[in-house]
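Just so it is clear, none of the values below were taken in a lab; they were calculated from the coordinates. All values derive from a computational prediction rather than experimental measurement. Methodologically, a virtual Cβ is constructed for each residue, glycine included, from the backbone with ideal geometry; neighbour enumeration extends over all protein chains shown.
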Amino acid sequence: MARFDTAFDATGIEPATAYEILPAGRYSAQIVESEMRVTKNGMGQYLWLMLDILEGPHKGRKIFDQLNLVNANPTTVEIAQRTLSAICHATGKLQVNDSEELHLIPMTIQVGVKPPKSGYGERNTIRYMVPEAPAQATQPKPAASQPANTPAQSAPARPATAPWNRKS
């Protein structure tokens, strides 16, 4: 039992309703909230994102995403990291230390609708649209000078672990 200090009057407050699925399409949106959360099984963590639609008939609507950045399945982690990279490119923030650095930066997202599955209704999917770079920016930069006998590095160095990718 929870007793309120004062009586709650619901007559003047709009009741919460379930979120309706956004129609498939492109939207201008921005991340307004984010946090690392523990998965249901307690074995991993995901970056939870709340995005706000910025324009059009659905302006002000919220849409949610989650990126499984800490997971026993390396493919799941790779997908989440690639999605986070797309968000970084879409916002122009290529190096971040905290997910809050990605907040309130308009970007274009492609929303899809996933059909109902095993007891769950339809749900939205989100793809983050990476802006096309000018032609000159896509050309490879000349390699740093190396001694003639030194082979070029075949794989890029891995970045330092970000705070949202560390195990607690």
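Things to note:
- In loop segments of the range 1-45 as defined by DSSP, the chymotrypsin sites (Phe, Trp or Tyr not before Pro) with at most 16 further C-beta atoms inside 10 Å of their C-beta are Phe4, Phe8, Tyr19.
- Between Gly44 and Thr39, the built amide H atoms are under 5 Å apart, and every one of these is 5 or more places off in sequence or on another chain.
- Overall, the anisotropy analysis places the range 41-91 in the oblate class: the square-rooted eigenvalues a ≥ b ≥ c of its C-alpha gyration tensor yield a/c not less than 1.5, with a/b not exceeding b/c.
- Gyration tensor (alpha-carbon) shape descriptor, the range 32-125, a/c threshold 1.5: oblate
- Between amide H atoms placed 1.01 Å from N, distances below 5 Å from Glu33 occur with Met50, all of them 5 or more places distant or on a separate chain.
- Kirkwood hydrodynamic radius of the range 1-53, from the reciprocal of the average inverse Cα-Cα distance over all distinct pairs: 15.6 Å.
- For Val96 and Glu122, the FRET efficiency from 1/(1 + (r/R0)^6), where r spans their Cβ atoms and R0 equals 30 Å, is about 0.40.
- Förster radius 45 Å - calculated FRET efficiency between Val38 and Thr108 (Cβ-Cβ, nearest 0.05): 0.90
- The range 61-101, dipole about Cα centre (Lys/Arg Cβ +1, Asp/Glu Cβ -1), debye to the nearest 20: 200 debye
- Of the GluC sites (Glu not before Pro) in the range 1-84, the ones in a loop by DSSP (not H, G, I, E or B) with at most 12 other beta carbons within 10 Å are Glu20, Glu55.
- In percent, rounded to a whole number, the relative contact order of the range 1-124 is 27, using alpha-carbon pairs under 8 Å and six or more apart.
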